Ligand code: C2O
Ligand code: CU
């Protein structure tokens, strides 16, 4: 029989160039939003908080009666939400039940390079990997996903991704919504496209990669969520392989931005919309009135380029994302904190090294990724300024492992509120120079590199990635192991 995959979706725009993209459009919100379960953990004899994650194959029924092959951690799609406190030692027992090698990267985490889960920490089918590290950074919404060299897009598309939430005393002392799944809601947004057999397909590709015509939020198509409080905290995660969003509320109401990739802002910032490119996160507070509904939407993002058809499919439609349905009577949590985190500004005067990165084609500084080449050598503890230019009139972004950075300048300007806190991923408007400042940890290893790359996964897979090591002062970079080493 005919497979109907357009349930609840009506095209709302037909302004696409030939052979480009059908639109997602407006949605009848028919499905309750799935909330990823909190991962169970135990404390072992060494005092480590231990989690288990198994990458596995399964099936999902996004549309009733249609079975889609998907991958997940401990389930069929996405993975459980890991929660740990700053200062805790964690260990994650990763098992690979897939039929291909994978890795699990802790995006946004500062940790030793061997624990990073990048392309040098591959886990073969049937194998296990148990990274351990100490959480030493502020409360934040981090996430995890595979990172095999050249094959990340497909594994993420199949469903491998999950959240890693860090808590700390400063955040806990604030008056903010923090009941997970009740007034503190993860919103992992991914676009997908289904073929006639109900399977994911990434056949429709633009310059930035595959663009889906359906949106999944936490793996739910056409989702709504019942809200029982006057304010709801949404942890927005762009978990898409390529698409850029500009999130806002359907009636234009403003919301408070309270956090970015690496933690809370110093102060809540009132905004109407926020652009998020793949890998970026934002925590927002949305006010609601009893009995109303309001939609989280994405309007066409300002990509900073008008390069025509090649960029249209980066998200040129207004998309319905999630309907918030307020109950007739809403609980109050009182006056919310507006002064949030203490962020010590990193000073340019303290930076010992300046590096420049130019993104062009699928290269960074005219190089394609090479697993055997160390591109940059950083001394432990150093503060560095990284200047990043997107030399193409086309969208890219930039992600750095191991650190959270601060944005010093966007072109000639100071950063706007959404770039004023800790970031690990940043959208690069063409022709705009981004000046980032970061302080590297003291985890040294001359042989095991961290990555920097464009987080549009097709670009990353095509080689838009480089490697840096953090070494002791004066030490030389070594040689990355050629064989996969997940020990
Ligand atoms: Cu989210 Cu290098 O990755
Ligand atoms: Cu790119």
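Any read-out appearing in this document is the output of simple, stated calculations on the displayed coordinates, not a laboratory observation. Note that the structure is a prediction, hence the values are computed from the model and not measured. We place every Cβ from the backbone using ideal geometry, glycine too, and count neighbours over all the protein chains shown.
Of all residues being within 11 Å of ligand 2 (Cβ to nearest atom) and not in a loop (DSSP other than H, G, I, E, B) in the range 458-473, which is surrounded by the fewest Cβ atoms within 10 Å (Cβ to Cβ)? Just the residue, please.
462
Exactly one condition in (1) surrounded by fewer than 15 Cβ atoms within 10 Å (Cβ to Cβ); (2) more than 14 Å from ligand 2 (Cβ to nearest atom); (3) under 25 Å from residue 120 (Cβ atoms) is not met by residue 354; state its number.
(3)
Restricting attention to the range 411-449, which residues are touching a strand residue (DSSP E or B) at 6+ places or on another chain (Cβ under 6 Å) and assigned to a strand (DSSP E or B)?
Selection gives 423, 425, 426, 427, 428, 433, 434, 435, 436, 437, 438, 439.
Among the residues of the range 357-400, which ones are closer than 26 Å to residue 135 by Cβ and within 16 Å of ligand 2 (Cβ to nearest atom)?
Answer for the range 357-400, where residues must be closer than 26 Å to residue 135 by Cβ and within 16 Å of ligand 2 (Cβ to nearest atom): 397, 398, 399, 400.
Could you run through the range 375-418 and say how many residues are more than 16 Å from ligand 1 (Cβ to nearest atom) and more than 21 Å from residue 473 (Cα to Cα)?
The total comes to 21.
Kindly establish whether residue 458 is within 26 Å of residue 207 (Cα to Cα), touching a helix residue (DSSP H, G or I) at 6+ places or on another chain (Cβ under 8 Å) and within 14 Å of ligand 1 (Cβ to nearest atom). Walk me through it before giving the result.
Numbers: within 26 Å of residue 207 (Cα to Cα): yes; touching a helix residue (DSSP H, G or I) at 6+ places or on another chain (Cβ under 8 Å): yes; within 14 Å of ligand 1 (Cβ to nearest atom): yes.
In short, yes.
Is there any pair with a first residue in the range 377-397 that is free of Cβ contacts under 8 Å to residues at least 60 places away in the same chain and over 20 Å from residue 346 (Cβ atoms) and a second that is assigned to a strand (DSSP E or B) and more than 16 Å from ligand 2 (Cβ to nearest atom) whose Cβ atoms are under 6 Å apart and which are 6 or more apart or on different chains, and what are they?
Filtered contacts from the range 377-397: 389/433.
Does residue 286 satisfy the condition of being more than 23 Å from residue 419 (Cα to Cα), in a strand (DSSP E or B) and in contact with a strand residue (DSSP E or B) (Cβ under 6 Å, 6 or more places away or on another chain)?
Judged against the criteria, residue 286 is not a match.
Every residue in the range 357-367 that is assigned to a strand (DSSP E or B) and either within 16 Å of ligand 1 (Cβ to nearest atom) or surrounded by fewer than 17 Cβ atoms within 10 Å (Cβ to Cβ) (or both), please. Quick ask: steps written out before the conclusion?
Step one: list which residues in the range 357-367 are assigned to a strand (DSSP E or B), which gives 357-360, 363-364, 367.
Correct list: 357, 358, 359, 360, 364, 367.
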